[in-house]
Amino acid sequence: MKEIKAYIKKHKLDDVIRALRKIEGLTGMSVIDSSGFGIGWRDAKGEGGTNRRPGLKVEIICRDDLVDEVVTAIEKAAHTGLKGDGKIYVSGIEQVVRISTGERGEGAV
């Protein structure tokens with residue numbers, strides 16, 4: 001199993017959701033408000049400053065065989081061609097437990 005974290009612009013969320021809903025076997029996602037800045041972002045004085053840009057963090061846990069499809073869907077749906085479109089990170093998940101039933105592993109996703 002993998003965890004996919006995608007940092008996207010707020011106005012692209014509906015496009016990302018539509019793209020992800022087309023993926024057979026994807027069980028869900030979480031969306032969290034976030035803010036931050038990237039390495040290339042500077043304020044008017046050329047400093048990082050304390051200002052942060054608003055965005056969203058999309059979190060998905062999925063089977064290994066869905067990772068490429070999910071990443072590609074997010075990448076295409078969140079793309080504007082402008083600086084600051086976001087980032088996608090993929091990492092491994094060792095265990096999942098469904099609290100309500102105690103089910104473990106991929107079936108708990």
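The values are calculated or read from the model by the stated rules, or taken from the named source; none is laboratory data. For clarity, every value in this text was computed on a predicted model and none was experimentally measured. All Cβ positions, even for glycine, are placed from backbone atoms using ideal geometry, and neighbour counts span all protein chains on display.
Pairs meeting the criteria (first residue in the range 1-20 and in contact (Cβ under 8 Å) with a residue 60 or more places away in the chain, second residue polar (S, T, N, Q), beta carbons under 8 Å, at least 6 apart or on different chains) are K2/S91; E3/S91; K5/S91; Y7/S34; K9/T80; K12/T80. A Cβ distance below 7 Å, combined with a sequence gap of six or more or placement on separate chains, defines the contacts here; from the range 80-94, residues that are on the phi < 0 side of the Ramachandran plot and among the basic types (K, R) reach residues that are surrounded by 10 or more Cβ atoms within 10 Å (Cβ to Cβ) and assigned to a strand (DSSP E or B) in the pairs K87/Y7.
What number of residues in the range 6-33 are closer than 22 Å to S91 by Cα, buried (at least 16 other Cβ atoms within 10 Å of the Cβ) and not aromatic (F, W, Y)?
9
The residues of the range 80-99 that are closer than 24 Å to R21 by Cβ and either modelled with pLDDT of 95 or more or not small (G, A, S) (or both), listed by number, are T80, D85, K87, I88, Y89, V90, S91, I93, V96, R98.
Every condition in (1) among the small types (G, A, S); (2) at pLDDT below 95; (3) surrounded by 12 or more Cβ atoms within 10 Å (Cβ to Cβ) holds for A77 except the one numbered (2).
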